[in-house]
Amino acid sequence: MSTPAAPTRIIIDTDPGIDDAMAIIYALASPELEVVGLTTVFGNAHVDTCTDNAIRILDIAGRHDIPVAQGAGRPMAQPYRGPADYVHGVNGLADAPLPAPSRAPHPLDAAHFIIDQVLAAPGEITLVPVGPLTNIALAMLLRPDLPEHLAGMVIMGGNAFVPGNASPAAEANIINDPEAADIVFGADCPIVMCGLDVTERTVMTSAQIASINDIDNDRARLAAAILPFYRDFHVSRGGPDGIHVHDSTCISYLIAPHLYGVQHHPVRVDCGQGVGRGKTWPSLRHSLATGPWGNRRNVAILTEVDGPAAVALELERLAR
Ligand code: RIB
Ligand code: CA
(Lines give C-alpha, C1' and ligand atoms only; values in the text may rest on other atoms or scores of the structure.)
(Ligands and ions follow the chains in the order given, each with its own letter.)
Protein backbone atom coordinates (compact mmCIF):
# COMPACT_ATOMS: atom_id res chain seq x y z
CA MET A 1 0.00 0.00 0.00
CA SER A 2 1.78 3.15 -1.12
CA THR A 3 1.64 6.08 1.30
CA PRO A 4 -0.27 9.09 -0.11
CA ALA A 5 1.93 11.84 -1.51
CA ALA A 6 2.35 14.91 0.67
CA PRO A 7 -0.32 17.52 -0.16
CA THR A 8 0.57 20.29 -2.59
CA ARG A 9 1.01 23.44 -0.53
CA ILE A 10 -0.75 26.42 -2.11
CA ILE A 11 -1.42 30.10 -1.55
CA ILE A 12 -4.54 31.28 -3.40
CA ASP A 13 -4.39 34.93 -4.48
CA THR A 14 -8.00 35.88 -4.97
CA ASP A 15 -10.66 38.55 -5.61
CA PRO A 16 -13.79 36.81 -4.20
CA GLY A 17 -15.94 36.82 -6.25
CA ILE A 18 -18.41 33.99 -6.73
CA ASP A 19 -16.17 31.66 -8.72
CA ASP A 20 -13.28 32.48 -6.40
CA ALA A 21 -15.43 31.30 -3.48
CA MET A 22 -16.11 28.04 -5.32
CA ALA A 23 -12.38 27.52 -5.95
CA ILE A 24 -11.52 28.19 -2.29
CA ILE A 25 -14.08 25.73 -0.88
CA TYR A 26 -13.05 23.19 -3.56
CA ALA A 27 -9.42 23.46 -2.47
CA LEU A 28 -10.37 23.14 1.21
CA ALA A 29 -12.29 19.92 0.47
CA SER A 30 -9.38 18.36 -1.44
CA PRO A 31 -6.87 16.41 0.67
CA GLU A 32 -4.38 16.62 -2.20
CA LEU A 33 -3.95 20.28 -1.31
CA GLU A 34 -2.90 22.26 1.76
CA VAL A 35 -4.14 25.85 1.68
CA VAL A 36 -1.33 27.74 3.43
CA GLY A 37 -3.11 31.07 3.12
CA LEU A 38 -5.25 33.38 1.04
CA THR A 39 -4.09 36.74 -0.28
CA THR A 40 -6.59 39.23 -1.63
CA VAL A 41 -6.53 41.66 -4.52
CA PHE A 42 -8.93 44.13 -6.14
CA GLY A 43 -10.89 42.83 -9.09
CA ASN A 44 -14.42 41.46 -8.84
CA ALA A 45 -14.90 43.85 -5.91
CA HIS A 46 -12.87 46.44 -4.02
CA VAL A 47 -10.01 44.78 -2.14
CA ASP A 48 -11.53 45.51 1.31
CA THR A 49 -14.67 43.65 0.22
CA CYS A 50 -12.59 40.82 -1.23
CA THR A 51 -10.73 40.50 2.07
CA ASP A 52 -13.95 40.41 4.10
CA ASN A 53 -15.29 37.80 1.69
CA ALA A 54 -12.18 35.64 1.91
CA ILE A 55 -12.51 35.57 5.70
CA ARG A 56 -16.27 34.93 5.46
CA ILE A 57 -15.65 31.95 3.16
CA LEU A 58 -13.09 30.49 5.58
CA ASP A 59 -15.51 31.10 8.49
CA ILE A 60 -18.23 29.14 6.67
CA ALA A 61 -15.74 26.34 5.98
CA GLY A 62 -14.66 26.32 9.63
CA ARG A 63 -11.06 27.18 8.71
CA HIS A 64 -10.19 29.92 11.18
CA ASP A 65 -6.60 28.63 11.06
CA ILE A 66 -5.93 29.84 7.52
CA PRO A 67 -4.53 33.41 7.33
CA VAL A 68 -5.84 36.04 4.92
CA ALA A 69 -3.44 38.81 3.89
CA GLN A 70 -4.83 41.84 2.08
CA GLY A 71 -3.08 43.07 -1.06
CA ALA A 72 -3.29 45.64 -3.80
CA GLY A 73 -6.32 47.88 -4.15
CA ARG A 74 -5.47 48.98 -7.69
CA PRO A 75 -3.39 47.98 -10.70
CA MET A 76 0.25 48.96 -11.17
CA ALA A 77 -0.14 51.35 -14.09
CA GLN A 78 -3.81 52.19 -14.66
CA PRO A 79 -6.80 53.19 -12.56
CA TYR A 80 -8.94 50.37 -11.14
CA ARG A 81 -11.69 49.58 -13.67
CA GLY A 82 -14.14 49.22 -10.79
CA PRO A 83 -16.04 46.26 -9.36
CA ALA A 84 -17.84 43.78 -11.60
CA ASP A 85 -20.99 44.03 -9.47
CA TYR A 86 -23.15 43.03 -12.44
CA VAL A 87 -21.31 39.69 -12.41
CA HIS A 88 -20.65 39.07 -8.71
CA GLY A 89 -23.01 41.44 -6.90
CA VAL A 90 -22.17 44.61 -4.98
CA ASN A 91 -20.85 42.61 -2.02
CA GLY A 92 -18.89 40.32 -4.36
CA LEU A 93 -20.87 37.24 -3.30
CA ALA A 94 -24.18 37.57 -5.16
CA ASP A 95 -25.40 40.08 -2.52
CA ALA A 96 -26.19 37.04 -0.40
CA PRO A 97 -26.78 37.90 3.28
CA LEU A 98 -23.62 36.62 5.01
CA PRO A 99 -22.35 37.03 8.58
CA ALA A 100 -19.62 39.61 9.17
CA PRO A 101 -16.07 38.30 8.95
CA SER A 102 -14.94 36.80 12.27
CA ARG A 103 -11.45 38.26 12.33
CA ALA A 104 -9.08 40.85 10.94
CA PRO A 105 -6.70 40.09 8.10
CA HIS A 106 -3.08 39.09 8.67
CA PRO A 107 -0.81 42.00 9.68
CA LEU A 108 1.36 41.59 6.58
CA ASP A 109 0.25 42.80 3.17
CA ALA A 110 -0.18 40.14 0.47
CA ALA A 111 3.16 40.60 -1.26
CA HIS A 112 5.15 40.40 1.98
CA PHE A 113 3.02 37.48 3.21
CA ILE A 114 3.80 35.58 -0.01
CA ILE A 115 7.52 36.38 0.29
CA ASP A 116 7.62 35.28 3.94
CA GLN A 117 5.77 32.02 3.33
CA VAL A 118 7.75 31.11 0.21
CA LEU A 119 11.18 31.89 1.66
CA ALA A 120 10.32 29.92 4.81
CA ALA A 121 9.63 26.83 2.68
CA PRO A 122 11.82 27.01 -0.42
CA GLY A 123 10.56 24.92 -3.32
CA GLU A 124 7.41 23.87 -1.49
CA ILE A 125 4.75 26.46 -2.30
CA THR A 126 2.65 26.82 -5.46
CA LEU A 127 0.97 30.17 -6.01
CA VAL A 128 -2.58 29.94 -7.36
CA PRO A 129 -3.58 33.44 -8.54
CA VAL A 130 -7.22 33.65 -9.60
CA GLY A 131 -7.52 37.44 -9.84
CA PRO A 132 -5.44 40.29 -11.27
CA LEU A 133 -1.74 39.51 -10.90
CA THR A 134 -0.74 42.69 -9.08
CA ASN A 135 0.27 41.06 -5.77
CA ILE A 136 2.38 38.43 -7.51
CA ALA A 137 4.18 41.04 -9.60
CA LEU A 138 4.80 43.23 -6.54
CA ALA A 139 6.25 40.25 -4.66
CA MET A 140 8.53 39.53 -7.64
CA LEU A 141 9.67 43.17 -7.77
CA LEU A 142 10.39 43.15 -4.04
CA ARG A 143 12.22 39.81 -4.27
CA PRO A 144 13.49 39.15 -7.82
CA ASP A 145 14.71 35.75 -6.61
CA LEU A 146 11.19 34.73 -5.52
CA PRO A 147 10.49 32.49 -8.57
CA GLU A 148 13.49 30.28 -7.88
CA HIS A 149 12.02 29.48 -4.45
CA LEU A 150 8.54 28.62 -5.80
CA ALA A 151 7.32 25.15 -6.72
CA GLY A 152 5.43 27.00 -9.43
CA MET A 153 2.32 28.97 -10.29
CA VAL A 154 -1.09 27.80 -11.54
CA ILE A 155 -2.82 30.91 -12.86
CA MET A 156 -6.43 31.50 -13.82
CA GLY A 157 -6.07 34.12 -16.50
CA GLY A 158 -5.49 34.86 -20.14
CA ASN A 159 -6.70 33.54 -23.46
CA ALA A 160 -4.23 32.00 -25.87
CA PHE A 161 -6.28 30.88 -28.88
CA VAL A 162 -9.77 32.15 -28.05
CA PRO A 163 -11.31 35.63 -27.72
CA GLY A 164 -11.36 37.52 -24.46
CA ASN A 165 -14.27 37.92 -22.07
CA ALA A 166 -13.57 41.43 -20.73
CA SER A 167 -12.87 42.72 -24.24
CA PRO A 168 -12.65 40.98 -27.62
CA ALA A 169 -8.90 40.80 -26.96
CA ALA A 170 -8.47 40.15 -23.26
CA GLU A 171 -9.54 38.08 -20.27
CA ALA A 172 -10.70 39.90 -17.13
CA ASN A 173 -7.84 39.12 -14.73
CA ILE A 174 -5.21 40.10 -17.28
CA ILE A 175 -6.89 43.28 -18.55
CA ASN A 176 -7.24 44.38 -14.92
CA ASP A 177 -3.44 44.66 -14.73
CA PRO A 178 -1.58 43.87 -17.98
CA GLU A 179 1.75 45.22 -16.72
CA ALA A 180 1.62 42.90 -13.69
CA ALA A 181 0.62 39.95 -15.85
CA ASP A 182 3.52 40.51 -18.26
CA ILE A 183 5.94 40.49 -15.32
CA VAL A 184 4.41 37.30 -13.90
CA PHE A 185 4.37 35.34 -17.18
CA GLY A 186 8.08 36.09 -17.42
CA ALA A 187 8.85 34.45 -14.07
CA ASP A 188 11.57 31.81 -14.17
CA CYS A 189 9.53 29.03 -12.55
CA PRO A 190 6.99 26.45 -13.79
CA ILE A 191 3.79 28.27 -14.80
CA VAL A 192 0.47 26.73 -15.81
CA MET A 193 -2.01 29.05 -17.54
CA CYS A 194 -5.65 28.09 -16.93
CA GLY A 195 -7.16 30.49 -19.42
CA LEU A 196 -10.43 30.88 -21.25
CA ASP A 197 -9.24 28.23 -23.72
CA VAL A 198 -10.34 25.66 -21.11
CA THR A 199 -12.46 27.56 -18.56
CA GLU A 200 -15.09 28.50 -21.14
CA ARG A 201 -15.26 24.81 -22.10
CA THR A 202 -15.92 23.81 -18.50
CA VAL A 203 -19.62 24.40 -17.83
CA MET A 204 -21.49 23.67 -14.61
CA THR A 205 -25.07 23.39 -15.89
CA SER A 206 -28.15 24.93 -14.28
CA ALA A 207 -29.31 21.42 -13.38
CA GLN A 208 -26.00 20.70 -11.66
CA ILE A 209 -26.24 24.02 -9.82
CA ALA A 210 -29.76 23.11 -8.68
CA SER A 211 -28.51 19.72 -7.43
CA ILE A 212 -26.26 21.50 -4.94
CA ASN A 213 -29.40 22.31 -2.91
CA ASP A 214 -29.48 18.62 -1.96
CA ILE A 215 -26.02 18.67 -0.38
CA ASP A 216 -26.14 19.04 3.39
CA ASN A 217 -23.08 21.03 4.42
CA ASP A 218 -22.28 24.70 4.98
CA ARG A 219 -19.93 24.98 2.00
CA ALA A 220 -22.62 23.66 -0.32
CA ARG A 221 -25.17 26.00 1.23
CA LEU A 222 -22.85 28.91 0.41
CA ALA A 223 -22.49 27.63 -3.17
CA ALA A 224 -26.26 27.24 -3.52
CA ALA A 225 -26.74 30.80 -2.27
CA ILE A 226 -24.30 32.48 -4.66
CA LEU A 227 -24.28 30.43 -7.88
CA PRO A 228 -27.77 31.37 -9.21
CA PHE A 229 -26.73 35.05 -9.45
CA TYR A 230 -23.62 34.03 -11.44
CA ARG A 231 -25.72 31.71 -13.62
CA ASP A 232 -28.21 34.48 -14.37
CA PHE A 233 -25.32 36.69 -15.53
CA HIS A 234 -24.13 33.99 -17.93
CA VAL A 235 -27.61 33.35 -19.32
CA SER A 236 -28.32 37.09 -19.66
CA ARG A 237 -25.20 37.44 -21.81
CA GLY A 238 -26.18 34.57 -24.13
CA GLY A 239 -23.78 32.23 -22.39
CA PRO A 240 -24.33 28.63 -21.38
CA ASP A 241 -27.35 27.37 -19.41
CA GLY A 242 -25.10 27.37 -16.37
CA ILE A 243 -21.73 28.94 -15.56
CA HIS A 244 -18.24 28.93 -16.96
CA VAL A 245 -15.97 27.38 -14.34
CA HIS A 246 -13.03 29.79 -14.27
CA ASP A 247 -11.17 29.80 -10.92
CA SER A 248 -11.96 26.21 -9.92
CA THR A 249 -10.14 25.07 -13.05
CA CYS A 250 -6.85 25.75 -11.23
CA ILE A 251 -7.93 23.37 -8.46
CA SER A 252 -9.10 20.68 -10.88
CA TYR A 253 -5.76 20.93 -12.70
CA LEU A 254 -3.80 20.59 -9.46
CA ILE A 255 -5.67 17.45 -8.37
CA ALA A 256 -6.45 15.91 -11.79
CA PRO A 257 -4.00 17.19 -14.44
CA HIS A 258 -4.90 14.23 -16.68
CA LEU A 259 -8.17 16.03 -17.49
CA TYR A 260 -6.25 18.66 -19.46
CA GLY A 261 -4.27 18.99 -22.69
CA VAL A 262 -1.31 21.35 -22.71
CA GLN A 263 0.79 23.33 -25.15
CA HIS A 264 4.12 24.86 -24.11
CA HIS A 265 4.94 28.34 -25.40
CA PRO A 266 6.46 31.54 -24.00
CA VAL A 267 3.82 34.20 -23.29
CA ARG A 268 3.86 37.98 -23.48
CA VAL A 269 1.03 40.35 -22.57
CA ASP A 270 -0.01 43.33 -24.69
CA CYS A 271 0.62 46.36 -22.45
CA GLY A 272 -0.20 48.89 -25.14
CA GLN A 273 -3.08 51.33 -24.92
CA GLY A 274 -4.82 50.03 -28.01
CA VAL A 275 -7.70 47.62 -28.55
CA GLY A 276 -5.42 44.64 -27.86
CA ARG A 277 -4.49 45.71 -24.32
CA GLY A 278 -4.39 42.72 -21.98
CA LYS A 279 -4.16 40.03 -24.68
CA THR A 280 -1.91 37.10 -23.75
CA TRP A 281 0.20 36.20 -26.80
CA PRO A 282 1.94 32.80 -27.00
CA SER A 283 4.86 32.51 -29.43
CA LEU A 284 4.10 29.33 -31.37
CA ARG A 285 7.11 29.21 -33.66
CA HIS A 286 10.29 29.06 -31.67
CA SER A 287 12.07 30.76 -34.53
CA LEU A 288 9.97 33.76 -33.54
CA ALA A 289 10.65 33.28 -29.84
CA THR A 290 13.31 35.92 -30.05
CA GLY A 291 13.00 39.60 -29.26
CA PRO A 292 10.09 40.26 -26.88
CA TRP A 293 9.54 36.53 -26.32
CA GLY A 294 13.24 35.79 -26.07
CA ASN A 295 14.72 34.26 -22.88
CA ARG A 296 11.27 33.50 -21.44
CA ARG A 297 10.44 30.02 -20.17
CA ASN A 298 7.61 28.19 -21.84
CA VAL A 299 4.28 28.47 -20.06
CA ALA A 300 2.15 25.30 -19.87
CA ILE A 301 -0.98 26.64 -21.58
CA LEU A 302 -4.05 24.46 -21.02
CA THR A 303 -5.78 24.06 -24.38
CA GLU A 304 -7.92 20.92 -23.93
CA VAL A 305 -10.22 19.84 -21.10
CA ASP A 306 -12.65 17.09 -20.17
CA GLY A 307 -15.12 19.66 -18.91
CA PRO A 308 -17.81 17.28 -17.63
CA ALA A 309 -15.24 15.30 -15.67
CA ALA A 310 -13.79 18.46 -14.11
CA VAL A 311 -17.25 19.63 -13.02
CA ALA A 312 -18.11 16.17 -11.65
CA LEU A 313 -14.91 16.22 -9.60
CA GLU A 314 -15.69 19.66 -8.14
CA LEU A 315 -19.23 18.58 -7.24
CA GLU A 316 -17.93 15.37 -5.65
CA ARG A 317 -15.60 17.43 -3.44
CA LEU A 318 -18.39 19.88 -2.59
CA ALA A 319 -20.40 16.96 -1.22
CA ARG A 320 -17.59 15.72 1.04
O1 RIB B 1 -12.23 35.89 -16.40
C2 RIB B 1 -12.60 35.20 -15.23
C3 RIB B 1 -11.84 35.70 -14.05
O4 RIB B 1 -12.21 37.05 -13.77
C5 RIB B 1 -12.17 34.92 -12.76
O6 RIB B 1 -11.05 34.93 -11.92
C7 RIB B 1 -13.28 35.72 -12.14
O8 RIB B 1 -13.31 35.58 -10.72
C9 RIB B 1 -12.85 37.12 -12.49
O10 RIB B 1 -11.90 37.53 -11.53
CA1 CA C 1 -11.28 35.56 -9.60
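The values are calculated or read from the model by the stated rules, or taken from the named source; none is laboratory data. Remember, predicted model here, so these are calculated numbers, not experimental data. Ideal geometry is used to build each Cβ from the backbone, glycine not excepted, and the neighbour counts take in all protein chains shown.
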Testing GLY158 on (1) at positive phi; (2) more than 15 Å from ligand 2 (Cβ to nearest atom); (3) among the small types (Gly, Ala, Ser), one condition comes back false. Which one is that? (2)
Could you say which residue among ASP19, ASP52, ASP13 is within 21 Å of ALA225 (Cβ to Cβ), within 14 Å of the chain's Cα centre (by Cα) and acidic (Asp, Glu)? ASP19
Of the listed residues (ALA69, ALA45, ALA27, ALA54), the one being under 17 Å from ARG219 (Cα atoms), of a type in the set (Gly, Ala, Ser), surrounded by 23 or more Cβ atoms within 10 Å (Cβ to Cβ) and in contact with a Pro (Cβ under 9 Å, 6 or more places away or on another chain) is ALA54
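Just the residues that are assigned to a helix (DSSP H, G or I) and away from ligand 1 (no atom under 16 Å from the Cβ), please, taken from region 242-258.
ILE255, PRO257, HIS258
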Selection within region 179-201 - more than 13 Å from ASN159 (Cα to Cα) and within 16 Å of ligand 2 (Cβ to nearest atom): ALA180, VAL184
Scanning region 30-73 for residues that are closer than 19 Å to LEU108 by Cβ, in contact (Cβ under 8 Å) with a residue 60 or more places away in the chain and in a loop (DSSP other than H, G, I, E, B) gives VAL41, PHE42, GLY71, ALA72
Could you count how many residues in region 166-188 are surrounded by fewer than 20 Cβ atoms within 10 Å (Cβ to Cβ) and either without any contact (Cβ under 8 Å) to a residue 60 or more places away in the chain or aliphatic (A, V, I, L, M) (or both)? 2
Failed criterion for GLN117 (all others in (1) more than 19 Å from LEU227 (Cβ to Cβ); (2) free of Cβ contacts under 8 Å to residues at least 60 places away in the same chain; (3) in a helix (DSSP H, G or I) hold): (2)
Single residue of region 96-110 satisfying the filter (touching a residue at least 60 places away in the same chain (Cβ under 8 Å) and over 13 Å from ASP52 (Cα atoms)) that is surrounded by the fewest Cβ atoms within 10 Å (Cβ to Cβ): ALA96
Looking at ALA23, is it under 18 Å from THR126 (Cα atoms), out of contact with any Lys or Arg (no Cβ under 9 Å at 6 or more places or on another chain) and within 14 Å of ligand 2 (Cβ to nearest atom)? yes
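Within the bounds of region 198-221, is there any residue that is within 16 Å of ligand 1 (Cβ to nearest atom) and small (Gly, Ala, Ser)?
To start, the set of residues in region 198-221 that are within 16 Å of ligand 1 (Cβ to nearest atom) comprises 198-204.
Adding the requirement that they be small (Gly, Ala, Ser) leaves none.
There is no residue in region 198-221 that is within 16 Å of ligand 1 (Cβ to nearest atom) and small (Gly, Ala, Ser).
Report yes if LEU138 is within 22 Å of GLU171 (Cα to Cα), within 16 Å of ligand 1 (Cβ to nearest atom) and either modelled with pLDDT of 95 or more or out of contact with any Phe, Trp or Tyr (no Cβ under 9 Å at 6 or more places or on another chain) (or both), otherwise no.
no
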Scan region 115-135 for residues that are closer than 18 Å to ARG74 by Cβ and away from ligand 1 (no atom under 16 Å from the Cβ) and report the count. 0
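Anything in region 282-311 that is farther than 20 Å from VAL154 by Cβ and modelled with pLDDT of 95 or more? List them, or say none.
Within region 282-311, PRO308 is the sole residue that qualifies.
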All but one of (1) over 18 Å from LEU315 (Cβ atoms); (2) surrounded by fewer than 24 Cβ atoms within 10 Å (Cβ to Cβ) hold for ASP214; state the number of the condition that does not hold. (1)
Just one of (1) away from ligand 2 (no atom under 16 Å from the Cβ); (2) more than 26 Å from THR8 (Cβ to Cβ) trips up ALA120, so point out which. (2)
